[in-house]
Amino acid sequence: MKIGIIIHSHTGNTLSVGERLKEVLLVGGCNVQLERVLAVNEDPNNKASIQLKSIPDIAPYDFLVIGAPVRGFSQSPVIKAYLSQLPDIHGKKVACYVTQHFPKPWLGGTRAIKQMIYSIEEKGGIIAETGIINWTGKTRENQISELIEKLSRNLVSQP
Ligand SMILES: Cc1cc2nc3c(=O)[nH]c(=O)nc-3n(C[C@H](O)[C@H](O)[C@H](O)COP(=O)(O)O)c2cc1C
C-alpha cells in the first residue's frame with residue numbers, strides 16, 4: 001500500500017507533524033511519500049483568490065493523510081483550494097488533521113476539520129481518522145504522539 005502525506009504548512013507546524021508521521025511509517029516498513037501543497041502567494045493575509053503552484057497528484061496513493069493549519073476559525077484557504085480541485089477519489093481512505101495556535105479545539109480546529117471532512121467526502125473519500133493539534137496547549141506533545149500512533153497503528157501492518 002502506498003501512503004501519501006499531503007501537507008499545507010506556512011510556518012512549519014503542520015509539516016513537522018507530517019514529517020514525524022512519515023518517519024514512523026518508514027521505520028514500520030511502509031511505502032510513504034510526503035508532498036507539499038503550495039500557493040503562488042503564501043502570504044496568509046492574502047485576500048486575492050488562491051492560485052496553487054504545487055498540486056500533489058493523489059493518483060499513486062492508496063491512503064492519504066492530509067494536514068493543514070487552521071486559518072480564521074476555518075480550514076486554510078490553500079487546503080480548501082487544493083481539496084476542491086481534486087478529482088473523484090471514490091473509495092480512497094483519507095485521514096486529515098489540522099494544527100492550530102489556540103489551546104482548545106473549539107477555537108477553530110473543530111470547524112476546520114468539519115470543513116475538510118465535507119470537502120473530502122464530497123469527492124468520494126472515506127474518512128479514516130481525524131486529528132487536531134493545539135500548538136499552545138499543554139498536551140501538544142501527547143496530542144502529536146497520539147495522532148501518529150492512531151494513524152500508524154493500522155498502516156504499518158498493511159502490505
Ligand atoms: C491568518 C491566520 C489565521 C489563523 N487563525 C487561527 C484560528 O482561527 N485559530 C487558531 O487556533 N489558530 C489560528 N492561526 C494559527 C495557525 O493555525 C497555527 O499557528 C498553525 O499551527 C500554523 O501551521 P503551520 O505552521 O503549518 O502553517 C492562524 C494563523 C494565521 C496566519
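Laboratory data are not the source of any read-out in this text; all were calculated from the coordinates shown. It should be emphasised that the depicted structure is a prediction, and the values quoted were computed from it without experimental measurement. Glycine also receives a Cβ, built like all others from the backbone with ideal geometry; neighbour counts cover every protein chain displayed.
Miscellaneous remarks
- Being among the charged types (D, E, K, R) and free of Cβ contacts under 8 Å to residues at least 12 places away in the same chain is a property that LYS104 lacks.
- Hits in segment 75-129 - residues which are among the charged types (D, E, K, R), more than 24 Å from ASP57 (Cβ to Cβ) and under 13 Å from the mean Cα position of the chain (by Cα): LYS114
- Checking segment 55-66 against the condition returns a match, with at least one residue being surrounded by fewer than 17 Cβ atoms within 10 Å (Cβ to Cβ), more than 15 Å from the chain's Cα centre (by Cα), under 13 Å from ILE6 (Cα atoms) and free of Cβ contacts under 8 Å to residues at least 40 places away in the same chain.
- Qualifying residue in segment 15-23 (condition: farther than 19 Å from ALA128 by Cβ and near the ligand (Cβ under 10 Å from one of its atoms)): yes
- Here HIS10 clears all of (1) under 20 Å from TYR61 (Cα atoms); (2) in contact (Cβ under 8 Å) with a residue 24 or more places away in the chain except the condition numbered (1).
- Residues that are charged (D, E, K, R) and surrounded by 14 or more Cβ atoms within 10 Å (Cβ to Cβ) do occur in segment 69-86, at least one of them.
- Of the numbered criteria (1) in contact with a strand residue (DSSP E or B) (Cβ under 9 Å, 6 or more places away or on another chain); (2) surrounded by 14 or more Cβ atoms within 10 Å (Cβ to Cβ), the one VAL24 fails is (1).
- For ILE3, the stated conditions hold: it is among the hydrophobic types (A, V, I, L, M, F, W, C), surrounded by 14 or more Cβ atoms within 10 Å (Cβ to Cβ) and either near the ligand (Cβ under 9 Å from one of its atoms) or not in a loop (DSSP other than H, G, I, E, B) (or both).
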